[in-house]
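I have placed the structure first, in the form of structure tokens, so that the comments after it can refer back to it.
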Amino acid sequence: MDYTILILALPALSFLVLALAGMKMSHRVAGMLGTLSLGIVAVLSYMTAFSYFTAERTSEGVYPTLEPWNFEWLPFTSSLHIDMGILLDPISVMMLVVISTVSLMVHIYSFGYMKGEVGFQRYYAFLSLFTFSMLGLVVATNIFQMYVFWELVGVSSYLLIGFYYTKPEAIAASKKAFIVTRFADLGFLIGILIYGYYMNTFTFTPTEEQLMHAGMVLPWALGLMFVGGAGKSAMFPLHIWLPDAMEGPTPVSALIHAATMVVAGVYLVARMFPLFIGFAPNALHMVAYVGAFTAFYAAAVACAQSDIKRVLAFSTISQIGFMMVALGVCTAADPHEGGLGYMAGMFHLFTHAMFKALLFLGAGCIIHAVHSNEMETMGGLRKYMPITHITFLIACLAIAGIPPFSGFFSKDEILTACFQFSPVIGWVMTIIAGMTAFYMFRLYYGIFWGKENKELHEHHTPHESPLSMTFPLMFLALITLVAGFIPFGHYVSSNGHAYDIHLDWSVAGTSIVVAVIAIALATWMYAREKQPVAEMLAKRFSTLHRAAYRRFYMDEIWMFVTKRIIFRCISTPLAWFDRHVVDQFMNFMAWSTNAAGESAQPIQNGRIQSYTQWFLGGIVVLTIILLIF
């Protein structure tokens, strides 16, 4: 599979060409160049997946781990070095398909959505850089290569979130995303350094001798790495950057939420899963608890949002929480003995990428039609936008966990794994799944049913988007319809062996009932033109509703912590010390050096007699010192 190097080379080349020469191209040429390169990458990714998953398994019954490309980049010792290369195994090959598919759909969709935008060529250059960064991350052969591309993902997100750099909100959002994730990445880097120092390697598969040498330090290293993953995947309380990331173009939101940035943390835990399950099971269970709380918090906030992109943003946070819980509840490497969550988490990552990209691209069509993100400007749009309506409904049914849509199968496996781990966790996640169905159909009815804003629509009649925008919707909706029937466990499992998915109907039946009740409740409250029940509840529980709308004041808490505690109690004293101690010491050094130079200046007078006197005087002094000592 030597051709796999092109999967990385093509988007990198596309970025360079568009960044350096894009302004000399027309919008159409620049968009075609970026889209064509991603189309080839998608084809190569499908070829790789087909070749890999149809190849014979090893004698142990698992797919082989391949490194068609690998070279030593930075050597430190004979065994400790940083390599650059391509690693092909079940989860990396699966991620190649996910990233290339969603990115290609975003490239095609952007032809219509970004038409006429200033900086169109720059936009496509940044898309190529973003895709290259994520592809490099998932095929990394070692943890340090992953970190390099991890930071490139952060840079790419900064550039795309702040694409509208003339808007103060976009500038603030891009800086917020960059700073929050950088703080989290500091933990990731410290974990990598501890891992490399004690393990004497950066590989994902250390030897038994290296593992024994690491001892009790390995759980700390893995825990610190998860801090970086929690920041990138917007786990509580490091989630605050993701809702504001909506300031970027809507297709960028689809790329960030579905296939790239936010799933990087999940992929990190999955990549390090053998070490977590073997040497840090308590840290892995902590991942589950953080994910469960995050999923509940985000679902509660999503129930009160009015901006459709913010509803989807908190939905992403909640669904990423589901994936983290799935990985965290594993108690063994064998799916039959407690490793079911690994397969379920990866399966949900796959299905979620498709229907969440569909939801965001559908939201882009809606915003394109009504020129607003607020639900109050919508309502009754189903008769104006039939394709967007049907595809959006399919995605809502999938994320709500209604069979036979793909989200049902992956979420059911997560719930089964949760019940195997703990009935409490199982019921908590079932309730959160019900909340998901409720807020998604609240969103659906608020957009396509409810009361139509006729006054606004008289001035601007909504209309269906062009084919360049609706084709990705139909393509992703088709995948959402059939992806649940893929025998995913045959390709990806916690121990590499083929695993047959068997629905536990006691769990599946309960989750379906909960989802149907939640949808029925949302239908009763929001499907009508007037919504007296919703308005009455909002007034009766106004404090709770306001708190959920304000995200339970987490942004205000972070501002208090940063401004009142970090800035005032830490940064201000450090700044005073820097100005009055460090700077004054350096000023003293400069003054004393200057004074010494000025006092020595008369000696350098150019007179040979004077130099001779000093020379002879020095000899006499040295001779006396030698005679005395």
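The values are calculated or read from the model by the stated rules, or taken from the named source; none is laboratory data. Everything quoted here is computed from the prediction, not taken from an experiment. Glycine gets a Cβ as well: all are built from the backbone with ideal geometry, and neighbour counts include every protein chain shown.
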>> I need the full set of residues from segment 525-537 which are in a helix (DSSP H, G or I) and surrounded by fewer than 13 Cβ atoms within 10 Å (Cβ to Cβ), in order please.
In response: P532, E535, M536
> Taking segment 441-463 as the region of interest, how many residues are at pLDDT 80 or above and either crowded, with 17+ Cβ neighbours inside 10 Å or not assigned by TED's automatic domain parsing to the domain that holds G380 (or both)?
Replying inline: 10
> Before we move on, is S100 among the polar types (S, T, N, Q), in contact with a helix residue (DSSP H, G or I) (Cβ under 6 Å, 6 or more places away or on another chain) and either in a helix (DSSP H, G or I) or buried (at least 21 other Cβ atoms within 10 Å of the Cβ) (or both)?
Replying inline: yes
> Does F120 qualify as being in the same structural domain as M474 (by TED's automatic domain parsing) and either within 15 Å of the chain's Cα centre (by Cα) or more than 19 Å from A254 (Cα to Cα) (or both)?
Replying inline: no
> Quick one: in segment 7-21, which of the residues that are closer than 10 Å to S37 by Cα and among the aliphatic types (A, V, I, L, M) is surrounded by the fewest Cβ atoms within 10 Å (Cβ to Cβ)?
Replying inline: A9
> What residue, of G489, G509, is under 22 Å from A326 (Cα atoms), without any contact (Cβ under 8 Å) to a residue 12 or more places away in the chain and not in a loop (DSSP other than H, G, I, E, B)?
Replying inline: G509
> For segment 141-161, which residues satisfy the criterion of being over 13 Å from T260 (Cα atoms) and surrounded by 24 or more Cβ atoms within 10 Å (Cβ to Cβ)?
Replying inline: I143, M146, I161
> Any idea which of (1) in contact with a Ser or Thr (Cβ under 8 Å, 6 or more places away or on another chain); (2) within 30 Å of R271 (Cα to Cα) is the one G496 doesn't satisfy?
Replying inline: (1)
> Out of F421, F471, F475, which single residue is within 25 Å of the chain's Cα centre (by Cα) and touching a residue at least 40 places away in the same chain (Cβ under 8 Å)?
Replying inline: F475
> Would a scan of segment 538-560 turn up a residue that is of a type in the set (S, T, Y), assigned to a helix (DSSP H, G or I) and under 30 Å from the mean Cα position of the chain (by Cα)?
Replying inline: yes
> Would you pick out the residues in segment 499-543 that are of a type outside the set (G, A, S) and within 14 Å of F409 (Cα to Cα)?
Replying inline: D500, I501, H502, L503, D504, W505, V507, T510, I512
> Taking S92 and the conditions (1) assigned to a helix (DSSP H, G or I); (2) more than 20 Å from F204 (Cα to Cα); (3) polar (S, T, N, Q), which numbered condition does it fall short on, given that it satisfies the others?
Replying inline: (2)
> In segment 182-205, what count of residues is obtained for those that are without any contact (Cβ under 8 Å) to a residue 40 or more places away in the chain and buried (at least 17 other Cβ atoms within 10 Å of the Cβ)?
Replying inline: 4
>> Give me the residue from segment 274-291 that is under 20 Å from the mean Cα position of the chain (by Cα) and surrounded by 24 or more Cβ atoms within 10 Å (Cβ to Cβ) and, out of that set, nearest to M440 (Cα to Cα).
In response: G291
> Do you know which residues across segment 258-292 are among the aromatic types (F, W, Y) and modelled with pLDDT under 90?
Replying inline: F279
>> Could you check segment 37-75 and list, in sequence order, the residues that are touching a helix residue (DSSP H, G or I) at 6+ places or on another chain (Cβ under 7 Å) and in a loop (DSSP other than H, G, I, E, B)?
In response: Y63
> All but one of (1) in a loop (DSSP other than H, G, I, E, B); (2) farther than 28 Å from I91 by Cβ; (3) of a type in the set (G, A, S) hold for A369; which doesn't?
Replying inline: (1)
>> Go through segment 206-246 and report how many residues are of a type in the set (G, A, S), crowded, with 16+ Cβ neighbours inside 10 Å and under 12 Å from I194 (Cβ atoms).
In response: 3
